[in-house]
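The values are calculated or read from the model by the stated rules, or taken from the named source; none is laboratory data. If you're wondering where the values come from, they're calculated on a predicted model, not measured in any experiment. So basically every Cβ, Gly included, is an ideal-geometry build from the backbone, and we count neighbours across all protein chains shown.
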Amino acid sequence: MEKRTNSPFPAIDRPVMAVVGVVLVIGTGLFMWSDRAHDWRFYQMEFAQLVADQFGADKAAEVPTGMQQIWVADLERADRCTTCHLGVLWKGFEKAEHPYRTHPEAPLKTHPLEKFGCTSCHGGQGWAIDTAAAHGQVAHWEEPLLSRSLGESYTLAGDKNALMQMNCNTCHRYDRETNGATAINLAKRLVTDKGCRACHVINGYGGTIGPDLTEVGDKAPEQYDFSRLSGQRTAFAWHVAHLKDPRALAEGTIMPNFNFTTEQAQALSMLVLSWRRHDVPARYLAGAPRTDPRSAEELAAEEAMKTGPGRWFVDTGCFVCHSVSALGVKSPAQIGPDLSTAVEDTQSRFGLTVDAFLANPTGTMSVVLSRQIILTPEQKQVAVQKLREAFAEHQKQRAAGVTTAPAPSH
Amino acid sequence: MSDPHPKLPADRRDFLLKLGAGAGVAALTAQGAASLRSLVPNVSYDSPTTVKLGPPADFPDGIKFLPDERLFVFRQGNTFHAVSAVCTHLGCTVRAEALANAQTTDVGGGELRLTHRFLCPCHGSEYKGDGTNVSGPAPKPLAWYRLSFAPDDGQLVVDLADEVATDFRLTLG
Amino acid sequence: MSLRAPTRRSEPDAPGVRPQMLWSLRPRSDREAGDAIASNFLFHAFPAKVSKASMAWNYSFWLGTISAALFFLLILSGLPLLFLYVPSVERAYQSVKDIEFVITFGSWIRAVHRIAAHGMVIVVFLHLVRVFLTGAYKNGAGRGQHREWNWVLGVVMLLVTLFLSFTGYLLPWDQLAFWAVTVGTNIASSIPAIGPTVRELLIGGRTIEQATLIRFYVLHVVILPLGLGVLFAYHMWRVRKDGGLARAERDTLLERPAETPVVATKTYTLLGVARGQAPVIRAQALEAPETTVNAVPDLTRRAAIATLGTFAVIGILSVFIASPLEEPANALVTPNPAKAPWYFLWLQEIVTDTTIRIGSFTVNGAFVGGVVLPGLLIGLLTVWPWLDRSPAAATGVWMARTRGRQNTVFLLVVLGILILTFIGMAMRGPYWYLYWPWEAWPDIPARI
């Protein structure tokens, strides 16, 4: 056996290596702990217990576990609030403590969770799953939870929960009145009554004496001059103080003092801060037209067609190509001949009675009646009867000297 | 070379040192392996399986294809049923082709008028109007999904996670 | 059982034939120790024997090994992030939020990546300081030594490390990232004549947008790591070619009897071709039992301690130090104050104070402080081994007396950089006003 060179190192290094090993074990323990140490695990346990107490173990088993997320792709919101606020959609926890309380039912009817998420109304950081971060009380998150306690910190004169209405106005900006948004409604009335638009551009029009307020809610807090403001240094507090006494905050301003009450000034501040640039999809905007505008006459004519004597032709789909002028049905396309005279027409054009023609249609009608509008023999009987009625009406009208039926087009 | 722990027998000390280092390496390996858990998603960005499809009046008699849900909704008078447009072979979207002559057959104990057949563009699978696979590589019929009316606004709702048998019909009113 | 040769510790049948599948971490003889090096892919970068002196903790502080360990850790922690991060301006911020909040161990992995990255900048810099102060870029007695080239490689690797860190800075697409990169790339644009073009090329347009993000992303995850990996391999290869750490030279110099004839016992070339070109290290100093030990297990054990120790420290720090993520990038609002990454703050500090006005002629401080001065420093650093005329006896010696003056100047420059960095980090508040570290900044106002 060859000899091995002696070395002084093992005596020192092997214990060091063992210590490093122990530190690694400790590190791994901490690493595992860091994943377990989240509030939501505790809240989920508590809620399951609550459900078990109230509804039994079977129901408790239905309580979801693990992180929850409401993903609203249209608004790019991934709200994980329901990870802790598990009771939102459960009936029976209306009086429970947060985060287990049931959400009031009415607003959710018009604003379903899957379409709006949570944060689009309540504010806060939907991405987060730990309380402080989720409620937005952390650095670098500018949309705190618009909660009652935040309202209390501003000693709101009216409803302490009113701050949330700022977010309502994201979509309801162009509403004159929004159901339930009392503070915002008050503020909107004040904007009209006090004539704010005399000096300010708001929502695209107004005077140019004062600054444009259309997107003033996006003005960075740092761009406000807080040097004359005592107390909370927030844009909201600045607006409240400024509305109550413009000259106290902005020296030399020509904005008059309207002697707003605290409630009015606070409501106006909420409205002003809600005027932001938001990329809200058009179908979320309240009051945005989603159809071609139609005149009252057009609407009335359509209604008459749907409910009048020619209703059968509309429901069945004949009116797409054929007018039935005797019965007041006007086809938008008018591709086919007027059916008022169909009883005569089939005779002159095909040499067939209406019954025979419908039983064995030729040309275009053979395609239509086999593909698009498929009629059972009974329905065909009805059709024949309706066509006869139309023809009778046509003759009656012609006898009375009214010419409704146009000349046959072909 | 002086032993700093003369009281411990050399081999026991050796064992403890080995244990320390070995446990460290094992812990590190465990940590690395556990980190792979990060690749298992905890939250889902998939679209929900329960979807509101619109008021029943929006559905004409016959067939309506909904590309977002990859679904055919059939209406026959006042009854509705929904058939998946996802080919059971490899998941392409099948296309509906109108038949020259509609045929009425018994499907799941009820009469159904079949006006279309379904053809898969990927590998030529063919299905009957009720979703039964007829030819091609498709291993089983197209899925039928549960339809219901939303309790709040009466819209037609499909649950894409809830497959039903072919006797399923949703009746309006 | 049969995978392994009959007995694990049997003697080789013939020279170069090793019947063992596994190598021994605890060799019983010098030959087994040598075999372990020769038969293991990971160990092939090591010599069979290393000088005791260069193994000392307090000579090199193992800073090079720790840098390599950090680089390795960055690659490891970067791999899962590669799966989780989305390099698009719409999704990047959201994907980082997801990593922070809902990915299991996500925030830990991100913290490991971030702390290791900052650690690597620090350790690589300290490594450079160590090499300078020990005069380790100087050559000794061996033939074919070019330690000065390895020094140049090292300077380049420091720059690549900084650029790697800087490109990673942008990826979260938050305010911190956006404005640090705005400031950083505008420094590049202050180079006369070609500056704006350089910036435009760097960020793929005139504004920091999707094109910038994808450029920085590809640089960060593909090009720079690959480049650094190649440079690292080259760096290690040169260490071997240069006969190990400069500290080993002292043994050679001190212990070589004047008349000992040169005996070529070991060549360090691939396959031993080109004999005579390779450095011929005196057998006496390199293999004498009094001055050397076997690389396996003594060197490997210490390398393992340095590597595993680094992993342990970073792993534990990452449990407790959260990675910042500011507001989403917003080109309309500059945060106050907007700071460059900390390792560039000394430059930002210089940039603040070096705008020169001569009559109507103004030289932007960004050019002086951001281009000329660091350019000069790096240039000087690169060519320093050729300017250093100290005697060979100063090689591998901490604070050699013969290198006293240059070490003092070097340390003063380092100190200056550290002070400026500290001022930039801890003493600059809103509008870049000076504040004492213990002084509170004015409250940053909020929206509501």
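From the list A:Arg294, A:Arg311, exactly one residue is closer than 30 Å to A:Cys171 by Cβ, without any contact (Cβ under 8 Å) to a residue 60 or more places away in the chain and either of a type in the set (Lys, Arg) or assigned by TED's automatic domain parsing to the domain that holds A:Asp175 (or both). Which is it? Lay out the reasoning, then the answer.
On the way: A:Arg311 fails: closer than 30 Å to A:Cys171 by Cβ.
From the options A:Arg294, A:Arg311, the qualifying one is A:Arg294.
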> With (1) in a helix (DSSP H, G or I); (2) within 14 Å of chain A (Cβ to nearest Cβ) as the list, and C:Arg28 as the residue in question, which single condition is left unmet?
Replying inline: (1)
>> I'd like the residue in region B:32-46 that is surrounded by 13 or more Cβ atoms within 10 Å (Cβ to Cβ) and of a type in the set (Gly, Ala, Ser) and, out of all such residues, is farthest from the chain's Cα centre (by Cα).
In response: B:Gly32
> In region A:197-211, is there at least one residue being within 24 Å of C:Pro335 (Cβ to Cβ) and out of contact with any Pro (no Cβ under 7 Å at 6 or more places or on another chain)?
Replying inline: yes
> Do you know which residues across region A:131-164 are touching a helix residue (DSSP H, G or I) at 6+ places or on another chain (Cβ under 8 Å) and not in a loop (DSSP other than H, G, I, E, B)?
Replying inline: A:Thr131, A:Ala133, A:Ala134, A:Leu150, A:Gly151, A:Ala162, A:Leu163, A:Met164
> Applying the selection to region A:165-183, what residues are closer than 19 Å to A:Lys115 by Cβ and assigned to a loop (DSSP other than H, G, I, E, B)?
Replying inline: A:His172, A:Arg173, A:Asp175, A:Thr178, A:Asn179, A:Gly180, A:Ala181
>> It is to be established whether one or more residues within region A:191-214 are more than 31 Å from the chain's Cα centre (by Cα), under 22 Å from A:Leu156 (Cβ atoms) and among the hydrophobic types (A, V, I, L, M, F, W, C).
In response: no
> Given (1) touching a helix residue (DSSP H, G or I) at 6+ places or on another chain (Cβ under 9 Å); (2) within 23 Å of C:Val89 (Cα to Cα); (3) surrounded by fewer than 21 Cβ atoms within 10 Å (Cβ to Cβ), where does C:Glu200 come up short, assuming only one miss?
Replying inline: (1)
> Of all residues in region C:299-324, how many are more than 21 Å from A:Val23 (Cα to Cα) and facing chain A (nearest Cβ under 7 Å)?
Replying inline: 0
>> Can you pull out every residue in region A:1-58 that is basic (Lys, Arg), under 30 Å from C:Ala322 (Cβ atoms) and surrounded by 13 or more Cβ atoms within 10 Å (Cβ to Cβ)?
In response: A:Arg41
> Does any residue of region A:47-68 turn out to be among the aromatic types (Phe, Trp, Tyr) and either in a helix (DSSP H, G or I) or within 30 Å of C:Val296 (Cα to Cα) (or both)?
Replying inline: yes
> Conditions: (1) in contact (Cβ under 8 Å) with a residue 40 or more places away in the chain; (2) under 19 Å from B:Ala165 (Cα atoms). B:Gly136 meets all but one. Number of the miss?
Replying inline: (2)
> Which of the residues that make up region A:133-163 are hydroxyl-bearing (Ser, Thr, Tyr) and under 21 Å from A:Thr83 (Cα atoms)?
Replying inline: A:Ser147
>> With the requirement that a residue be among the aromatic types (Phe, Trp, Tyr) and more than 13 Å from chain C (Cβ to nearest Cβ), what does region A:134-179 give you?
In response: A:Tyr174
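Identify all residues within region C:340-365 that are outside any helix (DSSP H, G or I), on the phi < 0 side of the Ramachandran plot and of a type outside the set (S, T, N, Q); write none if there are none. It would help to see each step written out before you state the result.
Initial filter on region C:340-365 (outside any helix (DSSP H, G or I)): C:340-341, C:354-364.
Next, only the ones that are on the phi < 0 side of the Ramachandran plot stay: C:340-341, C:354-358, C:360-364.
Within region C:340-365, C:Ala340, C:Pro341, C:Ile356, C:Arg357, C:Ile358, C:Phe361, C:Val363 meet the criteria.
Mind telling me which of the residues C:Phe163, C:Phe178 ends up being under 30 Å from A:Asp79 (Cβ atoms) and among the aromatic types (Phe, Trp, Tyr)? Write out each step before concluding.
Numbers: C:Phe163 fails: under 30 Å from A:Asp79 (Cβ atoms).
Just one listed residue meets the conditions, C:Phe178.
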> Which numbered condition trips up A:Leu213, out of (1) in contact (Cβ under 8 Å) with a residue 24 or more places away in the chain; (2) assigned to a helix (DSSP H, G or I)?
Replying inline: (2)
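Condition check ((1) part of a helix (DSSP H, G or I); (2) exposed (fewer than 14 other Cβ atoms within 10 Å of the Cβ); (3) among the polar types (S, T, N, Q)) across all residues:
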| site | (1), (2), (3) |
| --- | --- |
| C:Phe367 | yes, no, no |
| C:Leu380 | yes, yes, no |
| C:Gln406 | yes, no, yes |
| C:Leu418 | yes, yes, no |
| C:Thr421 | yes, no, yes |
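Taking region A:248-278 only, how many residues are assigned to a loop (DSSP other than H, G, I, E, B) and among the β-branched types (Val, Ile, Thr)?
Of all residues in region A:248-278, those assigned to a loop (DSSP other than H, G, I, E, B) come to A:250-261, A:275-278.
Still in the running and among the β-branched types (Val, Ile, Thr): A:253-254, A:261.
Matching residues across region A:248-278 total 3.
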> Could you say which residue among A:Thr131, A:Thr119 is touching a residue at least 60 places away in the same chain (Cβ under 8 Å), of a type in the set (S, T, N, Q) and either within 14 Å of chain C (Cβ to nearest Cβ) or closer than 26 Å to A:Asp53 by Cβ (or both)?
Replying inline: A:Thr131
> If you check A:Thr208, A:Thr234, which single one turns out to be among the polar types (S, T, N, Q) and either within 14 Å of chain C (Cβ to nearest Cβ) or in contact (Cβ under 8 Å) with a residue 40 or more places away in the chain (or both)?
Replying inline: A:Thr234
> Is it the case that A:Val320 is out of contact with any Gly (no Cβ under 8 Å at 6 or more places or on another chain) and aliphatic (A, V, I, L, M)?
Replying inline: yes
> Would you call C:Ser95 without any contact (Cβ under 8 Å) to a residue 40 or more places away in the chain, small (Gly, Ala, Ser), surrounded by fewer than 22 Cβ atoms within 10 Å (Cβ to Cβ) and under 30 Å from A:Trp141 (Cα atoms)?
Replying inline: yes
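Among the candidates B:Ala100, B:Ala138, B:Ala161, single out the residue that is among the aliphatic types (A, V, I, L, M), touching a His at 6+ places or on another chain (Cβ under 8 Å) and either in a loop (DSSP other than H, G, I, E, B) or surrounded by fewer than 13 Cβ atoms within 10 Å (Cβ to Cβ) (or both).
It is B:Ala138.
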